[in-house]
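Bear in mind these aren't lab numbers, they're just calculated from the coordinates by the rules spelled out. None of the values given here were measured: they were computed from a predicted structure. For neighbour counting, all protein chains shown are included, and Cβ atoms are generated from backbone atoms with ideal geometry for every residue, glycine included.
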Amino acid sequence: MDYIIQISGPMLEGARTTVLLFLIVILVSIPLGFLVTLMAKSVIKPLAWIAHTYIYVMRGTPLLLQLLFFCFGLPQIPVIGQYLVMDRFVAASLGFILNYGAYFAEIFRGGMLSIDKGQHEAAKVLGLSKWQTLRKVILAQMFRVALPAVANESISLVKDTALLYAVAVPELLNYAKTAVNRDFTVTPFVVAGVIYLLMTLVLTLFFKALEKRFKFE
Amino acid sequence: MSSMIEVNDLEKSFGNLDVLKKVSFNIAAGEAVAVIGPSGSGKSTMLRSLVHLEEVTGGSIVIQGKPLVENGKYVSGASIREITSSMGMVFQHFNLFPHLTVRGNLELAPRMLKRESVKEITARSRDLLSKVGLAEKADVYPAKLSGGQKQRVAIARALMLNPDILLFDEPTSALDPELTGEVLRVIRQLAEENMTMIVVTHEMNFARDVADRVIFMDNGEITESGTPSQIFDHPQQERTRVFLSKESRL
């Protein structure tokens, strides 16, 4: 028991990095995903093309590869590489944001598809502009439909933060591994597992409450 | 009597398929017109083109003296909005906004358009909900309403913008038979108040009782029109007779 308390301090320190990364990525990638959804649906063809290519590349390659690319690949690019040396946490955040942005874009696109065209027609006949319709009619319904998938993706993100281990940014898993190697015991892995479970539990409860709040019944 | 709607030689085609073939009619102020005819005869397309929910390929539409379609082309976007704002529409599938309460459905558009104070808007939504018999449902979400109640909310929502003309696109076709009565009663009341309206419907008894005039459409054309008694009791065209005899057997 004493041992658990003793290692919990540094491990919670590591968990702070995990939570920080999680918050940065969620707060940036959800709006990014929404923007990309709108781009993908745009009548301006080059915009739609850029959005689709971006989604294809980010979804079609491993997240780990993307992280390695941003942390260690970018500085190797001839000429401009020297300007692309970033703090590894920043580089990794960027990788996560771009990756999750693509997934959120697809989730929101699915949400948009689920909205009956009668909703657009009713809004139009009531004299709402396209922008008013998007804001007041489409968005709320799209987020409601997308909510379970967003919850799922958020929980994946908590676990994916462990990939920081591969680019040597100290976080929860990193601290656990260090303790395991140092103290010849499996306990730190168990403690790390419990901390991850606590984080995903908070998220699960949060999204359950959101789903209930936006039931529209 | 002044013309609310004048449609001349309206045409719409997809490739070789002619959905509307030179459709022409006038609607006078205060007139209630029922449009009947077989499925796929172009009734709904004709109605929807009046509020730019369909593109057309020929002819003209004039709403209250203002051209909406000339030579098969809609006027510019801003004018479309201005001209069609005098028309309300009620859909077969209600198209209520599921994320808003009944009151929210009624008040969304007037609040966005900002033509009057919030106080006036809430007062009118209360009055209109009473009028359609749903005052106690103001804070309920559409998911909790029956089909008939949903359609009455949709009618109240259309009335919120004080339209001069109301268009009904098969307002009772998605309802269980025992729920059509409550919706038809509301439409009948509006007709008695001299609301100008076009009702695309399969309810022959309703068309006969409520309409001032009945238009029969078949295969993209208006083949016959007249008073209810002319159409139902003395149809001149064979196609009208065949259609009515089929309908009466249902």
Taking A:TRP49, A:TRP131 and counting other C-beta atoms within 10 Å, the order from fewest to most: A:TRP131, A:TRP49
Per-peptide average of other Cβ atoms within 10 Å, ordering B:50-56, A:203-209 highest first: B:50-56, A:203-209
Cut-off under 5 Å, modelled amide H: who pairs with B:VAL19 long-range: B:LYS12, B:SER13, B:PHE14
Where labels lie 7 Å past Cα in the beta-carbon direction, separation of A:GLU13 and B:GLU192 in nm: 8.2 nm
Dipole axis of the protein assembly as shown (+1 Lys, Arg; -1 Asp, Glu on Cβ), positive-most option in A:VAL19, B:HIS52, B:LEU17: A:VAL19
Antiparallel DSSP beta bridges within the protein assembly as shown, percent to nearest 5: 60 percent
Gained length - A:ALA140 relative to A:ALA209, 0.36 nm times residue gap less alpha-carbon distance: 23.2 nm
Estimated FRET transfer efficiency (B:ASN71, A:LEU198; beta-carbon r; R0 51 Å; 0.05): 0.15
Distance in nm between pseudo-label sites at A:ILE4 and B:THR57 (7 Å out along the Cβ direction from Cα): 7.6 nm
Net charge of Cβ neighbours under 15 Å - reference B:ARG213; Lys, Arg +1; Asp, Glu -1: -4
A:LYS117 versus B:SER3: modelled label distance in nm, points set 7 Å from Cα along the beta carbon direction: 3.1 nm
Residues B:SER86, A:SER29 arranged by fewest to most Cβ contacts within 10 Å: B:SER86, A:SER29
Derived scalar couplings ³J(HN,Hα) [segment A:180-197; Karplus, 6.51 cos²θ - 1.76 cosθ + 1.60; whole Hz; x for Gly, Pro]: 4, 5, 6, 9, 6, 8, 8, 3, x, 4, 5, 4, 4, x, 5, 5, 4, 4
Test item: A:113-126 mean partner chain Cβ contacts at 10 Å: 6
Farthest positive-ward along segment A:162-213 dipole, Cα basis, beta-carbon charges - from A:MET199, A:LEU210, A:VAL169: A:LEU210
Amide proton proximity set for B:THR196, modelled H, under 5 Å, gap of 5+: B:GLY30, B:LEU166
Segment B:110-120 - phi-based ³J(HN,Hα) in whole Hz, Karplus 6.51/-1.76/1.60, Gly and Pro as x: x, 5, 5, 7, 6, 8, 8, 6, 4, 4, 5
In chain B, lysine pairs closer than 25 Å at Cα, eight or more apart or cross-chain: 25
Listed residues B:GLY42, B:SER85, B:GLY30: farthest to the positive end of the dipole of segment B:1-121 (Cβ charges): B:SER85
Residue order, fewest to most beta carbons within 10 Å, for A:ILE80, B:ILE80, A:ILE138, B:ILE165: A:ILE80, B:ILE80, A:ILE138, B:ILE165
Other-chain or far-sequence residues with amide H under 5 Å of B:GLN92's (modelled H): B:ASP169
Calculated [θ] (222 nm, deg cm²/dmol) that DSSP helices of n ≥ 4 give over the protein assembly as shown, each run adding -39,500 (n - 2.57): -17500 deg cm²/dmol
